[in-house]
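To keep things clear, I will list the structure first and then write my remarks on it.
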Amino acid sequence: MADLGTAQKQSPCGGCGAPLFYVPSSDAEMRICEYCGMANAVVPEGLKGVSEVAPLVEMPSRFKVGQSGSIRGKTFQITGRARYDYGDGTWDEWTLYYPEENKCGWLTEDEGEWVLFEEKRPLEQALDLSSIKARQSLSLAGLNLFVHERGQCTPVGAEGQVFQVPNFGQAYAYVDGTAGDREVILMDVGGACWLAEGSELFPMDVKLETS
Ligand SMILES: [Zn+2]
C-alpha cells in the first residue's frame, strides 16, 4: 500500500510473515495480505491471522487500492476493497481513509454507480429482513425508508485494509432503499442488523491524483 503518512504502521502478516502496512487506529479492522491471502485482524499488538481470502478478479473501475485524491474537497486514500456477489452481479466496497480526521468511510460501486457512506450503525430493534418487501415504506431508526429491493449477498473476496467482512462464501440478507435523498442499506450479519446512510456520488465530486 502507498504511503499513509504517520498514521501508518507495519506488522508481519499472521500467515506468511511478510511486512504489511496498515492504519492501526481505524474502523477498518481487517488487513488482507497481498502475498498469501490471509485476512488479518487489526489488534492492538499488530496483525493477527484469521482466515484465507480468495483474490479478487480485476474489474474496470476508476479506483484502485493505494490511490489518493479528494472527495467533495476532503482528502482520502483508498486502503482496500471488498466484493459482494448479489446474484445478478457484484458490488465493490472501497474503503476510504481520511488522514485529516484519522477516520474511515467507504464507497460502493455497482455498475458504475457510486454511493458514499460514513458509518455502519447497529439497529437497536430486532428486524427480520425477510419480512420486508420491495416498494414498501417503513419507519426505521428515525428514517422514512422506501425499499427498492431485498436480496442476498455473499462476500466473495477482498484486498488491502477493509471494514470487518462477515464470513466469506456465506449469504447475508440485505435491503436497499432510500430515505429522502439519502441512500440506505441494511444488512443482517447473523441475527443482528446494521444500517448505513449514504449519498450518491458523481464523477465531478471525485478528484484522483495520478500516480
Ligand atoms: Zn501473508
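Structure values in brief
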{"read-out": "Test set (1) at pLDDT 95 or above; (2) assigned to a loop (DSSP other than H, G, I, E, B); (3) of a type outside the set (Ser, Thr, Tyr) - ARG31 fails condition number", "value": "(2)"}
{"read-out": "Criterion (aliphatic (A, V, I, L, M) and without any contact (Cβ under 8 Å) to a residue 12 or more places away in the chain) met by exactly one of LEU138, LEU123, LEU127", "value": "LEU138"}
{"read-out": "Checking GLN10 against (1) exposed (fewer than 14 other Cβ atoms within 10 Å of the Cβ); (2) part of a strand (DSSP E or B); (3) near the ligand (Cβ under 10 Å from one of its atoms), the condition it does not meet", "value": "(3)"}
{"read-out": "Subset tally (residues that are acidic (Asp, Glu), surrounded by 14 or more Cβ atoms within 10 Å (Cβ to Cβ) and more than 10 Å from the ligand (Cβ to nearest atom)) for the range 26-71", "value": "2"}
{"read-out": "Condition check for THR75: buried (at least 22 other Cβ atoms within 10 Å of the Cβ) and among the β-branched types (Val, Ile, Thr)", "value": "no"}
{"read-out": "Segments classed as strands (runs of 3 or more DSSP E), wholly inside the range 145-211, with at least 1 members that are in contact with a helix residue (DSSP H, G or I) (Cβ under 7 Å, 6 or more places away or on another chain) and aliphatic (A, V, I, L, M)", "value": "172-179, 182-188"}
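The values are calculated or read from the model by the stated rules, or taken from the named source; none is laboratory data. Everything numeric in this text was worked out from a predicted model, so none of it was measured. Note that we place each Cβ from the backbone using ideal geometry, even for glycine, and neighbour counts take in every protein chain shown.
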